[in-house]
Every structure is written in structure tokens, then in C-alpha cells.
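Worksheet: the structure to be examined is printed underneath.
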Amino acid sequence: MLLAEQPGSVVPPQQGPDGRPTAWRAGPADGSMQTVWWLWPLVALCSGDQFRGEAEKIMRATPVIDGHNDLPWQLLTLFNNQLREKAANLTSLAQTHTNIPKLRAGFVGAQFWSAYTPCDTQNKDAVRRILEQIDVIHRMCQMYPETFVCVTNSTGIRQAFQEGRVASLIGVEGGHSIDSSLGVLRALYHLGMRYLTLTHSCNTPWADNWLVDTGEDQAQSQGLSDFGQSVVREMNRLGVIIDLAHVSVATMKAALRLSKAPIIFSHSSAYSLCRHQRNVPDDVLQLVNQTGSLVMVNFYNDYVSCQKEATLSQVADHLDHIKKVAGAGAVGFGGDYDGVSRLPSGLEDVSKYPDLVAELLRRQWTEAEVRGALANNLLRVFEAVEQVSDHAQTPEEVPIPLGKLQGSCRTTYGYSEAPSFHPPPGALLASLSTVLLGLCLL
């Protein structure tokens, strides 16, 4: 039955000479109900308030776990990591997407803070830079203990929820930050790193990045090299979440098939809705479903709408699509706040999460699905990673081949005398020639 045919229903207005709607009239022509046109925006507003209120109610018990926030990078670029500068006060910091009042308003209960250093530090000072960014995250927790608590496991997140503090975790963005060293990988784990993004927007000597899929970069590892596979296995052993944001499709598939634990995309969206190579294609989403993995949707306009402008509703479209293809357990939030220059209308900063949750409720997501996207899906993945980890297992030890490393300032200690070291062709012959020449001169 159409709306106009229902007894007592309200019929949409006719347009007057000026093109504006005339007053609404009651469905039956008995004049028993006189509803004016301006009442309907109020009805819509009340409906919106209902969803927003329900969102806040859910989020008080299950706050947001966001997969990626670049505030530490802003602290470096704006203040050189000097947190005691007056302008760097996180209770009043105004020029960023993130500060303490905004986090509170957005019901953020846990945040993976990005420890990031750009690709131009590769083969240079990447390790030093990443140590400084990890340090600034720890100092955030020390300086604002009433707001932040640095944690390293799923239990710590749940405890922070109960305490009303923001569980602060460290995600290292870019495999170049370990300088192709399993020892550095282990050291970063001991400093608190709980996810590693295998690449940023550059290849490492052992994994290919997303620019390979655009043709702007050349594949070097065809996904993961032998050493790259060792990195994945060692991350499983340690209990470090594998993050596939920024990697090539071949790297996505190789890691998803190799890892014994679920993985995450800490800040990526759906390729089918925005055909940008930073997003996740449907065949990979199917692997995400099969492995119990997680895609935490990025809010950057260019990855949401493939244009400079985007809306909150379009972000919800990505969440809908990932839920449809990979399942409700595969959806999360990875806003990429303070790491991007353009954000959707309605999601301008971290205070806006309740509006996105309200939109999901408006789209008839169940409360369980919403709680999953907010936190429970990430907690499930993290707990699975912790269960797979085994520190009693023998660590990966074989270093990356020397020939794979670059950088004119790099030393080669350990390689020349290591049991697995193989000198380049002709090196042994050249050595023998030198010895024989010396004998002839005696």
C-alpha cells in the first residue's frame, strides 16, 4: 500500500506558485489532522537525536578502538616532540584533528598511535626516527596519566575501558623502520610496538608497496621475499599484529595466506566503492573473511570518494560494503586523523565518531554489529594474535642477504664471517690469485 492510501497518513505537499511546498494536509479529507509542512524537519531531527542518543549509550559501554592516528607525527612537525611547550598542550591543542577534549567527545577508548617516519629515511636514520616517535607516545602517557595509559595487550585495553582512560598502543607505520633487521623488529616489540605496517608508500627490500599496483613503482619481491616471509613468521611468534595498509595486492595475499593469526588493514577502505590502489579489493576482502581478519575504514576523502570532497554517509557506504563482502566481524574504524589533509563533511575530527555510529544505526546495523565495529572485532583479532604468539619458539635468525641492502653508509659486520655468507662469484678466485702472486714474489 502506498503512503497516500493509508488511512490517517500524511500526503506530501503540493507546490505553490513560488515552487515552495504548501501546507501538508491530512490523508483523509475530513480535516481531522492538520499537519503543517515545517513539522517534518522536526520529526527528522527527533529521529536523528534518537539515533545519536542510542549511539552514545552504546559507546559509553563500548568505546571506539581506532586503528590509526598520526598525532605523534604532528607533535614532531609542530613542536619537535617538545611536549612541554605551551602550544603543545593536548588539552587545548587547536590546529590538529585530535586533542583530549575531542577524544572524550568522540568516546575514543583506545587508540593505535602511529609511530611513523617517511620513506626518505630508509637506509638512513629510520631506526633513530622511529625510536623517537615511540618515545613521544610513551611521554604522552606519562604527561597525561589521567587521560592516556600505554598498554600492550587486549587485557590492558579492557582495563582502560573500565578506568575511563584512552588505552594507547603503538603501531609502527612502514617496514622500512626495522631496517631489514629481525633484531630491530624484536627490539621494537619490547618497546611496545603491537602492529607493524609492512610497507609505507615505498618498497622495502622484502615487501612491495601499493604504488606497484599503479605502475609508479617496480615490484621487487613479488609480494613477500623469503626474508619478508621470515618477518611475518617472527611477528606471529612475538605477537605483533600484521598491518597490510599501504602494501600491494600481491603482498596482501601473500601475508594473508602465510600468517597463522588474523591480520588488519589499520586504515584502508573498499576498492569497489573508490578505485584507489590504497583500498582493499573484493577478492582480498574474501580472504579477510576466510582468515577472520579486519579492515579498519580510512576516512581520507581520496580513499572514500576518490574526490576532494566526501561525506560521512559515503564512509558508512564503505563500512556497509565491507560488512556485505567480508562479514560484520571484518569491520572497524581507522580514521587516519592528523595524517590526512581532507576529511568528509561530518567527520572533521575525532569528536565525530558518534555521528558515524548513529548513521550505522539508522541503516539498521544491529547493536552487536555496531559494538563489533567499535571495539569487539579488533579485540577478537588482538586476542587471536596473542594466542598464536609463542615466545618459547625459536626466533627467526637468518639475516637478509647482504646484496638486498642499500645505502652507502652501511657497514657489513657479521656478514663476512657468518656461516651462511656466500661471497660473490669470482671473489674466492681473486683472493687465491693474490696469494699466488705473493708466493711468486718471494
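The values are calculated or read from the model by the stated rules, or taken from the named source; none is laboratory data. All of these numbers come straight from a predicted model, not from anything done at the bench. A quick note on method: Cβ atoms are made from the backbone with ideal geometry, for glycine too, and the neighbour counts reach across all protein chains shown. To get the accessible areas, we keep the full protein, side chains included, count just its heavy atoms, and leave off ligands, DNA and RNA. Shrake-Rupley method; radii C 1.70, N 1.55, O 1.52, S 1.80 Å.
Kindly indicate whether Leu361 is over 18 Å from the mean Cα position of the chain (by Cα) and in a helix (DSSP H, G or I).
Answer is yes for this residue.
Can you pull out every residue in the stretch 73-104 that is without any contact (Cβ under 8 Å) to a residue 24 or more places away in the chain, within 19 Å of Val340 (Cα to Cα) and surrounded by 15 or more Cβ atoms within 10 Å (Cβ to Cβ)?
Correct list: Leu78, Phe79, Leu93, Asn99.
For the stretch 230-248, which positions are open to solvent by 10 Å² or more (accessible area, probe 1.4 Å) and either within 29 Å of Lys323 (Cα to Cα) or under 16 Å from the mean Cα position of the chain (by Cα) (or both)?
Of everything in the stretch 230-248, those that are open to solvent by 10 Å² or more (accessible area, probe 1.4 Å) and either within 29 Å of Lys323 (Cα to Cα) or under 16 Å from the mean Cα position of the chain (by Cα) (or both) turn out to be Arg233, Asn236, His246.
Got at least one residue in the stretch 342-351 being surrounded by 23 or more Cβ atoms within 10 Å (Cβ to Cβ) and more than 30 Å from Asp390 (Cα to Cα)?
Within the stretch 342-351, one or more residues are surrounded by 23 or more Cβ atoms within 10 Å (Cβ to Cβ) and more than 30 Å from Asp390 (Cα to Cα).
Taking into account only those residues within the stretch 249-270 that are more than 19 Å from Ile322 (Cα to Cα) and touching a helix residue (DSSP H, G or I) at 6+ places or on another chain (Cβ under 7 Å), which is surrounded by the most Cβ atoms within 10 Å (Cβ to Cβ)?
Ala255
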